[in-house]
1. If I ask for residues that are aliphatic (A, V, I, L, M) and either within 18 Å of ASP80 (Cβ to Cβ) or part of a helix (DSSP H, G or I) (or both), which ones from the range 154-177 would you list?
2. (1) outside any strand (DSSP E or B); (2) over 17 Å from the mean Cα position of the chain (by Cα); (3) of a type in the set (A, V, I, L, M, F, W, C): which one isn't true of LEU261, the others all being true?
3. Quick check on the range 176-210: of everything there that is surrounded by 13 or more Cβ atoms within 10 Å (Cβ to Cβ) and among the hydroxyl-bearing types (Ser, Thr, Tyr), which residue is farthest from ARG237 (Cα to Cα)?
4. Check ARG233, ARG226, ARG214, ARG264 and return the single one that is over 30 Å from THR13 (Cα atoms), outside the structural domain of ILE21 (by TED's automatic domain parsing) and among the basic types (Lys, Arg).
5. Tell me, please, whether a residue that is in a helix (DSSP H, G or I), of a type in the set (S, T, N, Q) and either more than 22 Å from LEU222 (Cα to Cα) or in contact with a Phe, Trp or Tyr (Cβ under 7 Å, 6 or more places away or on another chain) (or both) can be found in the range 12-28.
6. So, VAL92, is that one part of a helix (DSSP H, G or I), at pLDDT 90 or above, over 22 Å from ILE228 (Cβ atoms) and touching a helix residue (DSSP H, G or I) at 6+ places or on another chain (Cβ under 9 Å) or not?
7. Which residue, of THR199, THR230, THR249, is in a helix (DSSP H, G or I), under 19 Å from the mean Cα position of the chain (by Cα) and either at positive phi or of a type in the set (S, T, N, Q) (or both)?
8. Could you list, in sequence order, the residues of the range 100-153 that are acidic (Asp, Glu) and assigned to a strand (DSSP E or B)?
Amino acid sequence: MALTPTAFDWVCTLVRKESAIVLEKGKEYLVESRLVPLARAAGAADVNAYVDGVRLRPDRRAQTAIVEALTTNETSWYRDGAPFQAFSTTVVPALKQSRASTRSLRIWSAASSTGQEAYSLAISLQDSVVAEGWRAEIIGTDISTEVLEKAKAGTYSQLEVNRGLPAPLLVRHFTRAGMNWQVNQNLRQMVRFQQLNLTSSYAALGQFDVVFLRNVLIYFDLATKRDILTRVRRALRPDGYLFLGGAETTLGVDDNWERQLIGRVSVHRPKN
């Protein structure tokens, strides 16, 4: 049975309240497909019955599970390729010059999902700055505690490592763990994961040299995008770099950024 308007509207309201993510009309199939596993696990007849049960008999754990199911995004190693190349070939060398006195870099993977982005950045920094005695710290955040547990474990299936991770890097930076692959300890020590809703305070995170906020703003309305970009700017050092997704921009949202083109990649920097 197709998702009813009542069930869809309730899920949309819940997700927007908890995460500020906007699910528009036409996303009924997405909502239904994401909630099928939860409905089956709960023994419900279908998704409508599952949603109605949670709606009529509020259960905080079930509500959290619904939000996490709808906010878990697609990810892969070195996703889209070019931003990571720009990071390694241009951004990191520039920061090595401007941070020569501290020999320290802090990077924020602001929608880290299951950790592939954060560990991809760690591999790049291991080879470019850590090997030269620099300190590098990467903070990975996500709204979903479920995906963060996987990220913290740093264990991935063969199928997962096949999605964008070059074989030479797999051999260098991972160790076999049964049928899976485990991120090596030296990389895991560079990365710290924690739960964070992007609509909440960033104050405890400190300041960063680079922020990767890729493929997440597209899920928010204009006011929320503006609020997030304003607070990300405060968390970024004045000469830092912001990476957005290919379909995302600061133009018409927050005019306190300037765009810099690195090859075919746009990076955004705070206006002074």
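The values are calculated or read from the model by the stated rules, or taken from the named source; none is laboratory data. If you're wondering where the values come from, they're calculated on a predicted model, not measured in any experiment. Neighbour counts run over all protein chains shown; Cβ positions are idealised from the backbone, glycine included.
1. Filtering the range 154-177 for residues aliphatic (A, V, I, L, M) gives 159, 161, 165, 167, 169-171, 177.
Passing the criteria: LEU159, VAL161, LEU165, ALA167, LEU169, LEU170, VAL171.
2. LEU261 satisfies every listed condition except (1).
3. Step by step, filter the range 176-210, then rank; the result is THR199.
4. Values: ARG233 fails: over 30 Å from THR13 (Cα atoms); ARG226 fails: over 30 Å from THR13 (Cα atoms); ARG214 fails: over 30 Å from THR13 (Cα atoms).
Going through ARG233, ARG226, ARG214, ARG264 in turn, just one is over 30 Å from THR13 (Cα atoms), outside the structural domain of ILE21 (by TED's automatic domain parsing) and among the basic types (Lys, Arg): ARG264.
5. First pass over the range 12-28, keeping only residues in a helix (DSSP H, G or I): 12-19, 28.
Those still in the list that are of a type in the set (S, T, N, Q) too: 13, 19.
From what is left, the residues that are either more than 22 Å from LEU222 (Cα to Cα) or in contact with a Phe, Trp or Tyr (Cβ under 7 Å, 6 or more places away or on another chain) (or both) are none.
So far as the range 12-28 goes, no, none of its residues is in a helix (DSSP H, G or I), of a type in the set (S, T, N, Q) and either more than 22 Å from LEU222 (Cα to Cα) or in contact with a Phe, Trp or Tyr (Cβ under 7 Å, 6 or more places away or on another chain) (or both).
6. Details: part of a helix (DSSP H, G or I): yes; at pLDDT 90 or above: yes; over 22 Å from ILE228 (Cβ atoms): yes; touching a helix residue (DSSP H, G or I) at 6+ places or on another chain (Cβ under 9 Å): yes.
Here the answer is yes, as VAL92 does meet what is asked.
7. Details: THR199 fails: in a helix (DSSP H, G or I); THR249 fails: in a helix (DSSP H, G or I).
Matching residue, one of THR199, THR230, THR249: THR230.
8. Taking the range 100-153 as the starting set, the residues that turn out to be acidic (Asp, Glu) are 117, 127, 132, 137, 142, 146, 149.
GLU137, ASP142 - these are the residues of the range 100-153 that are acidic (Asp, Glu) and assigned to a strand (DSSP E or B).
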